[in-house]
Amino acid sequence: MSGFGDEAANQKTAEQQFAAFAALGLTYYSLRFIDAGQGIKNVMQLSKAEITRVRHLEDEYGLNVATLGSPLGKVKLLDQEDGTKNRYVPFKKYLSDDVKKACELAHAFETKLIRGFSFYHPKGEDPWKYVDQAADQLGQIAEVCHRSDLTYGLEVEANLVGQNGELMAALHERVDHPALVTIFDAANISTQGYSAGQVFEQYEKMKRGLGWMHIKDYRHPHRLQRTTHVDEEALKHFVPADRGDSGHELVLRDFKELIPTIEKKLKKRGVPGVFLDLEPHVKGGGQFGGFSGPDGMGVALRGLCRVLDYMGIGYHLRDFDDVKVARGF
């Protein structure tokens, strides 16, 4: 059990994030945005001093980093104007600068997992036309991660090449690298107008490459129509996993049978287990992050626990025995 720490903190300070997570009973968190004393920064911009301070605070609150919540792959494939504000970086430079930096940060925070994305194809064009180019670049990223004994998790998300399960499966198959796994996120599919049954179909297409799962859900007051481009900043109807339209009960019932196989694969790569990573967005979400607050994070965690209990999927939250160990007796 994990979650994006910045979602739980009103000002995104390290102390707020860690206090909320410790109180919720979580021992893992994913690191994305954080204020370590010098203002709110994306993890990719942290200084050595800030990294050191965060590490000390992790020890104080009994937390470990599950994944580095990097924005890798959220750049354009082509240097052309398409009506978006997405930036373009020449890929060789991106590989030597951003990807290398993400690997260094993963080691600094002692995590084996880097969350990333599948690149933006030109808005309005068919993403299938860009699968080969995206796969080539993702394969190079996976190889850099592999050389650093790390694993790159590719998250399904609207507006990117890997925007649904079918495209994600194609990318995973073409890359065919042990350092590349996929991350399922039901809400990221639901927001594109897929029904619960269709979300499950997209999950099934991703099953072969799954490494871990993000947990958030979506429930629009009106039935969404299928769309090829989502205005991410306008999304306002995220909900906990036990009350959305994405069909988490159906997905997690099937996922339960996969957990032992995925766990075995991940442990060979030094990962402690299979993460369910809360990214609930219950107070808002956008292209590069979301917010739930400490109360919303608690609501989302309890909602997920209700689904897991119903499915018979085991998990651990801190209990009194953990507190006794922390006290030294």
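The values are calculated or read from the model by the stated rules, or taken from the named source; none is laboratory data. All of these numbers come straight from a predicted model, not from anything done at the bench. Note that we place each Cβ from the backbone using ideal geometry, even for glycine, and neighbour counts take in every protein chain shown. Note: accessible area is taken over every heavy atom of the protein model, side chains too, but ligands, DNA and RNA are not part of it. Shrake-Rupley method; radii C 1.70, N 1.55, O 1.52, S 1.80 Å.
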Worksheet item: So how strong a dipole does the stretch 135-182 carry about its Cα centre when Lys and Arg Cβ are +1 and Asp and Glu Cβ are -1, to the nearest 20 debye?
Response: 80
Worksheet entry | Theoretical FRET efficiency, 1/(1+(r/R0)^6), r = Cβ-Cβ of D97 and D149, R0 25 Å, to 0.05 | 0.75
Discussion item. Past 22 Å, Cα to Cα: identify those pairs from K41/K283; K76/K265; K48/K74; K74/K216; K41/K74; K216/K283, in the order given.
Written reply: K76/K265; K48/K74
Worksheet item: Among A49, A22, A102, which one moves the most in a GNM of the chain with springs linking Cα atoms closer than 10 Å?
Response: A49
Item to complete: Hydropathy first: keep DSSP H helices in the chain averaging at least -1.0 on Kyte-Doolittle, then drop any whose Cα extent along the axis falls short of 18 Å, and list what survives.
Response: 131-147, 248-267, 293-311
Worksheet, complete the sentence: Of all GluC sites (Glu not before Pro) in the stretch 79-135, the ones in DSSP coil with at most 14 other Cβ atoms within 10 Å are E81, E110, E125
Worksheet, complete the sentence: Of H121, H177, H229, ordered by accessible area with the largest first and a 1.4 Å probe, the sequence is H229, H177, H121
Worksheet, complete the sentence: A chain fully extended from R223 to E110 at 0.36 nm per residue, minus the present Cα-Cα distance, gains in nm 36.4 nm
Discussion item. Quick check: Cα centre of the stretch 235-301 to Cα centre of the stretch 102-124, how many Å?
Written reply: 18
Worksheet item: Given labels modelled 7 Å from the Cα in the Cβ direction, how far is it in nm from D231 to D321?
Response: 5.2
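Which GluC sites (Glu not before Pro) in the stretch 1-80 pass both tests, a DSSP loop state and at most 14 other beta-carbon atoms within 10 Å? Please report the intermediate quantities before stating the final value.
On the way: sites: E7, E15, E50, E58, E60; in loops: none.
For GluC sites (Glu not before Pro) across the stretch 1-80 that sit outside H, G, I, E and B with at most 14 neighbouring Cβ atoms in 10 Å, the list is empty.
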Discussion item. Once ligands and nucleic acids are excluded and a 1.4 Å probe is used, how much of D6 is accessible, expressed in Å² to the nearest 10?
Written reply: 0
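With a 1.4 Å probe and all protein chains kept in place, how do H56, H220, H248, H107 rank by accessible area, largest first?
Numbers: H56 120, H220 55, H248 5, H107 95 Å².
Result of the area sort, largest leading: H56, H107, H220, H248.
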Fill in: Simple spin-label estimate for D136 and A23 in nanometres, 7 Å along Cα-Cβ
5.1
Response to the item:
Nearest-0.05 FRET efficiency for K283 and M44 at R0 = 35 Å, using Cβ-Cβ distance, is 0.90
